[in-house]
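The values are calculated or read from the model by the stated rules, or taken from the named source; none is laboratory data. A quick note: this is a predicted structure, and the numbers were derived from the prediction, not measured. Here Cβ is always computed from backbone atoms with ideal geometry, including for glycine, and neighbour counts include all displayed protein chains.
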Amino acid sequence: MLLISWNIDSLNAALTSDSARAQETRKVLEQIHYQRPDILAIQETKLRPTGPTKKHKEILNELFPEYDYVWRSSEEPARKGYAGTMYLYLKELAPKVSEPKIGAPDTMDDEGRIITLEFPEFFVTQVYTPNAGNGLKRLADRQVWDEKYREYLHELDEKKPVLASGDYNCAHTEIDLKHPENNHHSAGFTDEERAGFTQLLDAGFTDTFRKLHGNVEGVYSWWAQRVRTAKANNSGWRIDYWLTSNRLDSKLQRSEMLDTGKRADHCPILLEIDL
């Protein structure tokens, strides 16, 4: 089974804009389609609460004609057109779909951050983890989120093996970002967020990239758009992950990043597993 996960930074813009960036994003979508993944997870769709518009649906059907899709959007009392997730999957798969609420603080449960697909022998779930925010103003809520999300994954794992992906908004170790020395008080690399990610792994999950590649350095999944030289200098962070239940370790085949050329922000991440 081949699975790809990507924080697209607005599916809405990618499908409806003619900007240079939107064109770059559509090229990446075409690259993903060429890979023909069984499942594609997308984070930060930024769709309206009612989901894809008629135009969105037409373009999705052109880009991914072999796929069905489900989505979850941010809805009141959360901000509209914010966060959001989507799955595209080959039509023959027909999973059972759930949109869990995990007891997260503030409006986090209403921001469309988790979708789970259930298959007879395993779960596939994705997450768009809340950012701790400027000045770490959301860090306390983020720590509660991490606890509730860990409990949710553990509950799934007790039923059947889990494949979890998404933008976790956390560089786990110092080799997961280019400049750790400057970022210990930055959102995504605080001691609290890193400890939360460690606790998640300790609950029975494997960071598949590290499992297969060890302590290789200089491999990232996100480069800041606002810093023009970030991508060119590979000054990035690894904050997107494919995690699996530990008992699937022997079935892992590939876990890697997909090249997006000069396009900054997140790149898609790929998992191949023998299920």
Which residues, counting only those in the stretch 33-45, are buried (at least 20 other Cβ atoms within 10 Å of the Cβ) and either in contact with a helix residue (DSSP H, G or I) (Cβ under 9 Å, 6 or more places away or on another chain) or farther than 18 Å from Val124 by Cα (or both)?
-> Leu40, Ile42, Glu44, Thr45
Given the conditions (1) in a helix (DSSP H, G or I); (2) under 15 Å from the mean Cα position of the chain (by Cα); (3) closer than 30 Å to Glu66 by Cβ, report the number of the one that Tyr149 does not fulfil.
-> (3)
Among (1) within 29 Å of Val144 (Cβ to Cβ); (2) of a type outside the set (Ser, Thr, Tyr); (3) assigned to a loop (DSSP other than H, G, I, E, B), which single condition is Arg247 missing?
-> (3)
Scan the stretch 205-231 residue by residue and report those that are out of contact with any Gly (no Cβ under 9 Å at 6 or more places or on another chain), of a type in the set (A, V, I, L, M) and modelled with pLDDT of 95 or more.
-> Leu212, Val216
Does Glu192 satisfy the criteria of being surrounded by fewer than 17 Cβ atoms within 10 Å (Cβ to Cβ) and over 23 Å from Asn246 (Cα atoms)?
-> yes
Residues of the stretch 117-138 being more than 19 Å from the chain's Cα centre (by Cα) and over 30 Å from Met1 (Cβ atoms), in sequence order, are Asn134, Gly135, Leu136, Lys137, Arg138
Looking at the stretch 69-83, is at least one residue part of a strand (DSSP E or B), at pLDDT 95 or above, of a type outside the set (A, V, I, L, M) and under 16 Å from Gly166 (Cα atoms)?
-> yes
Positions within the stretch 77-112 being out of contact with any helix residue (DSSP H, G or I) (no Cβ under 7 Å at 6 or more places or on another chain), without any contact (Cβ under 8 Å) to a residue 40 or more places away in the chain and either among the basic types (Lys, Arg) or surrounded by fewer than 17 Cβ atoms within 10 Å (Cβ to Cβ) (or both), in sequence order = Arg79, Lys80, Lys91, Glu92, Ala94, Lys96, Val97, Ser98, Glu99
Filter pass, Val28 being closer than 22 Å to Lys160 by Cα and in contact (Cβ under 8 Å) with a residue 60 or more places away in the chain | no
Given (1) surrounded by 15 or more Cβ atoms within 10 Å (Cβ to Cβ); (2) touching a residue at least 40 places away in the same chain (Cβ under 8 Å); (3) closer than 23 Å to Gly218 by Cβ, number of the condition His179 does not satisfy = (1)
A careful count of residues in the stretch 200-220 that are within 19 Å of Asp146 (Cβ to Cβ) and part of a loop (DSSP other than H, G, I, E, B) gives 2
